[in-house]
Amino acid sequence: MSPVLAGVLQLTALIAALALAYRPLGDYMAAVYSSPRHLRAEKVIYRCIGANADVQMRWPAYLRSVLAFSAVGVLFLYLLQRLQGGLPLSLGFASISPDQAFNTAASFVANTNWQSYSGEQAMGHVVQTAGLAVQNFVSAATGMAVAIALVRGFARARTGELGNFWTDLVRGTVRVLVPIAVIGALVLVACGALQNFSGIHEVGQFMGGSQQTNGGAVASQEVIKELGTNGGGYFNANSAHPFENPTAFTNLFEIFLILVIPFALTRTFGKLVGNVKQGYAVLATMGVIWLGFTALMMWTEFAHGGPALEAAGAAMEGKETRFGVGSSAIFSVATTLTSTGAVDSFHSSFTAFGGGIQLLGMMLGEIAPGGVGSGLYGMLVMAIVAVFIAGLMVGRTPEYLGKKIGTRQIKLAACYILITPTLVLGFTAASMVLPDALGSMLNTKALGAGSHGFSEVLYAFTSGANNNGSAFGGLNANTPWYNTTIGLAMLLGRFLPMVFVLALAGSLAEQQPVPETAGTLRTEKPLFAGLLVGTILIITGLTYFPALALGPLAEGLS
């Protein structure tokens, strides 16, 4: 079987699995977030945290709850790392330095999971399980809660109420993430993934000699790392490590976990607003972009651009040789079009245009299908902009799902769109003029002054501000400058957009829906999905094209 055919068959199997899960999972999540009943376990949690689960919140109260919960998470995870040296099951690892502890705490709470450390050489079992793994669950549940709040903004009328954050957080964790994670972890363990609390020991190598390695609760963390679009690996090699990703089946299974909830949330959206066709339109938009990027990535990596590539049959450098080029291409697109950041190959070794596709996927705002929750609310913000543009074309007040899109709504949407590029381009520009920041590039003399070195820095801040977490491996990001600035980019890139999303949701929930007329734009039709795709690509292109031209485009054309 040719490598190209193998890649196409894997993609076909992945699409089939996602299609089978789409309706039942989407309907289930809609039932979870609309149910009036609380489970007994949930009531216990509410009593422990002192939350009144039946109180409806307006957007300022909902936002305060999100920010307070996340601030406590950052503080707890920071202290856990700083105290690691005195904790049991620390494997003898020292406490984490202040700047790296801040960076890691910000990373996992912001659902980014950017790692400037090697997991198996820095983090003990307590930090991994009680700190990092817990944040993998609750940061994903926070994103889902904010997305559901925005959906309620469209669905509710003249109340201004968006639900209860604590209820949404607990239900998303207990009823959605935990059950799937348990089943997924059992699948990974059955396929050979590691799951223990062993210490450090010597293991033999194929070519002779030995090396030190340690075990851990790898399978359980691996599944929520992918399911919650987190991405932080137990080991430095991430999903290229056989303890995390043992076989070709687990590789495809992990890609499925990355994509299944973001895609299924479009069904949840359609059910909650009372029109599943609206969900299909959003799904179609996400699907077209995802398939287009996947096809482009496979083409760039299979194209034979020289004798070395011709001899290897594709651009094999940096790829996972166990799975092949096709599988590595599918994984890289899935992880950069969502806010996952997990990798089963070395992104910096992809072809120049392949690296550009990865960058562009994150620059879209990671909305195709995007992160758990964040992909849906990012796409709905883009839909509002697309409706506004359509309204300008025909001279009609724009409406979306019966809600008028006025000055306040479009200003909030514009602020949402602008905040991430401001962080990415601002921090990248600062890093390119500071000698210490430039010195972090791999092989500074050969690459630092050129396009690939620029791409390394641009990728780092694009990944951080978009809450992705993957990296071009040539950049040494474990420095005070990068730990601090990328940490700030992750926090601001996660929570400032949430401010605008929840304010937008509140403004929509205060409106009385307007009746549909003959002049209403049909946002469930393919024409609108095409308009939405065009809006996303044009906005991203106008924002980032100069930076892409200096980085991957210049490298690919040189």
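The values are calculated or read from the model by the stated rules, or taken from the named source; none is laboratory data. Computed from a prediction, not measured in an experiment: that's the story for all the values here. Counting neighbours? That spans all protein chains shown, and the Cβs are built from the backbone with ideal geometry, glycine included. Surface areas here come from the heavy atoms of the whole protein model, side chains and all, with no ligands, DNA or RNA. Shrake-Rupley method; radii C 1.70, N 1.55, O 1.52, S 1.80 Å.
Just for the stretch 92-102: of the residues that are open to solvent by 40 Å² or more (accessible area, probe 1.4 Å) and in contact with a Gly (Cβ under 7 Å, 6 or more places away or on another chain), which one is farthest from Phe165 (Cα to Cα)?
Ala94
Tell me, which residue of the stretch 418-428 that is surrounded by fewer than 21 Cβ atoms within 10 Å (Cβ to Cβ) and in contact (Cβ under 8 Å) with a residue 60 or more places away in the chain is farthest from the chain's Cα centre (by Cα)? Spell out the reasoning first.
First pass over the stretch 418-428, keeping only residues surrounded by fewer than 21 Cβ atoms within 10 Å (Cβ to Cβ): 418-419, 421-422, 425-426.
From what's left, in contact (Cβ under 8 Å) with a residue 60 or more places away in the chain: 419, 421, 425.
On the way: Ile419: 17, Pro421: 16, Leu425: 20 Å.
It comes out as Leu425.
Do you know which residues across the stretch 493-527 are over 27 Å from Gly143 (Cα atoms) and buried (at least 18 other Cβ atoms within 10 Å of the Cβ)?
Leu521
Exactly one condition in (1) part of a helix (DSSP H, G or I); (2) of a type in the set (A, V, I, L, M); (3) over 27 Å from Ala217 (Cβ atoms) is false for Ala101; which is it?
(3)
Looking at Ala248, Ala303, Ala329, which one is closer than 24 Å to Met362 by Cα, surrounded by fewer than 17 Cβ atoms within 10 Å (Cβ to Cβ), modelled with pLDDT under 95 and of a type in the set (A, V, I, L, M, F, W, C)? Give the derivation first.
On the way: Ala248 fails: closer than 24 Å to Met362 by Cα; Ala329 fails: surrounded by fewer than 17 Cβ atoms within 10 Å (Cβ to Cβ).
Residue meeting the stated conditions: Ala303.
Please work out which one of (1) at pLDDT 95 or above; (2) open to solvent by less than 10 Å² (accessible area, probe 1.4 Å) is the condition Gly453 fails and give its number.
Just one mismatch for Gly453, condition (1).
In the stretch 275-296, which residue that is open to solvent by 60 Å² or more (accessible area, probe 1.4 Å) and touching a residue at least 60 places away in the same chain (Cβ under 8 Å) is nearest to Leu14 (Cα to Cα)?
Here the residue is Val288.
I'd like to know if the stretch 507-514 contains one or more residues that are among the charged types (D, E, K, R) and closer than 18 Å to Ile410 by Cβ. Before the answer, list the steps.
Taking the stretch 507-514 as the starting set, the residues that turn out to be among the charged types (D, E, K, R) are 510.
Narrowing the set further to residues that are closer than 18 Å to Ile410 by Cβ leaves 510.
The answer is yes; a qualifying residue exists.
Every residue in the stretch 14-26 that is touching a residue at least 60 places away in the same chain (Cβ under 8 Å) and closer than 24 Å to Ala303 by Cβ, please.
Leu14
Assess whether Leu9 counts as being among the hydrophobic types (A, V, I, L, M, F, W, C), open to solvent by 70 Å² or more (accessible area, probe 1.4 Å) and assigned to a helix (DSSP H, G or I).
Numbers: among the hydrophobic types (A, V, I, L, M, F, W, C): yes; open to solvent by 70 Å² or more (accessible area, probe 1.4 Å): yes; assigned to a helix (DSSP H, G or I): yes.
Taking the combined requirement at face value, the residue satisfies it.
I'd like the full set of residues that are among the polar types (S, T, N, Q) and either open to solvent by 10 Å² or more (accessible area, probe 1.4 Å) or modelled with pLDDT under 95 (or both), limited to the stretch 132-163. Explain how you work it out, then say what you get.
Taking the stretch 132-163 first, the residues among the polar types (S, T, N, Q) are 135-136, 139, 142, 159.
Matches in the stretch 132-163: Gln135, Thr159.
The rows are residues; the columns are (1) touching a Pro at 6+ places or on another chain (Cβ under 9 Å); (2) under 21 Å from Leu392 (Cβ atoms); (3) part of a helix (DSSP H, G or I).
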position	(1), (2), (3)
Ser507	no, yes, yes
Ala518	no, yes, no
Ile538	no, yes, yes
Phe545	no, no, yes
Leu550	no, no, yes
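Which condition number in (1) within 25 Å of Leu150 (Cβ to Cβ); (2) more than 17 Å from the chain's Cα centre (by Cα) is the one that Pro246 fails?
(1)
Quick check on the stretch 456-480: of everything there that is part of a helix (DSSP H, G or I) and aliphatic (A, V, I, L, M), which residue is surrounded by the most Cβ atoms within 10 Å (Cβ to Cβ)?
Kept after step one, since they are part of a helix (DSSP H, G or I), are these residues of the stretch 456-480: 456-465, 480.
If we keep only those that are aliphatic (A, V, I, L, M) as well, we get 457-458, 460, 465.
Details: Val457: 26, Leu458: 27, Ala460: 26, Ala465: 32.
The extreme case among them is Ala465.
Surrounded by 21 or more Cβ atoms within 10 Å (Cβ to Cβ), on the phi > 0 side of the Ramachandran plot and not hydrophobic (A, V, I, L, M, F, W, C): is that true of Asn483 in this structure?
no
For the stretch 374-403, which positions are open to solvent by 10 Å² or more (accessible area, probe 1.4 Å) and of a type in the set (Val, Ile, Thr)?
Val385, Ile389, Val394, Thr397 - these are the residues of the stretch 374-403 that are open to solvent by 10 Å² or more (accessible area, probe 1.4 Å) and of a type in the set (Val, Ile, Thr).
I'd like to know if the stretch 51-64 contains one or more residues that are more than 27 Å from the chain's Cα centre (by Cα), part of a loop (DSSP other than H, G, I, E, B) and crowded, with 19+ Cβ neighbours inside 10 Å.
no
Could you tell me whether Thr129 is open to solvent by 10 Å² or more (accessible area, probe 1.4 Å) and closer than 19 Å to Val72 by Cα?
Yes: the conditions hold for Thr129.
Out of all the residues in the stretch 103-120, is one or more on the phi < 0 side of the Ramachandran plot, more than 24 Å from the chain's Cα centre (by Cα) and crowded, with 21+ Cβ neighbours inside 10 Å?
Filtering the stretch 103-120 for residues on the phi < 0 side of the Ramachandran plot gives 103-110, 112, 114-120.
Filter once more, keeping what is more than 24 Å from the chain's Cα centre (by Cα): none.
Checking the stretch 103-120: not a single residue is on the phi < 0 side of the Ramachandran plot, more than 24 Å from the chain's Cα centre (by Cα) and crowded, with 21+ Cβ neighbours inside 10 Å.
Inspect all residues belonging to the stretch 77-87 and state whether any of them is touching a helix residue (DSSP H, G or I) at 6+ places or on another chain (Cβ under 7 Å), crowded, with 16+ Cβ neighbours inside 10 Å and among the charged types (D, E, K, R).
Scanning the stretch 77-87 turns up at least one residue that is touching a helix residue (DSSP H, G or I) at 6+ places or on another chain (Cβ under 7 Å), crowded, with 16+ Cβ neighbours inside 10 Å and among the charged types (D, E, K, R).
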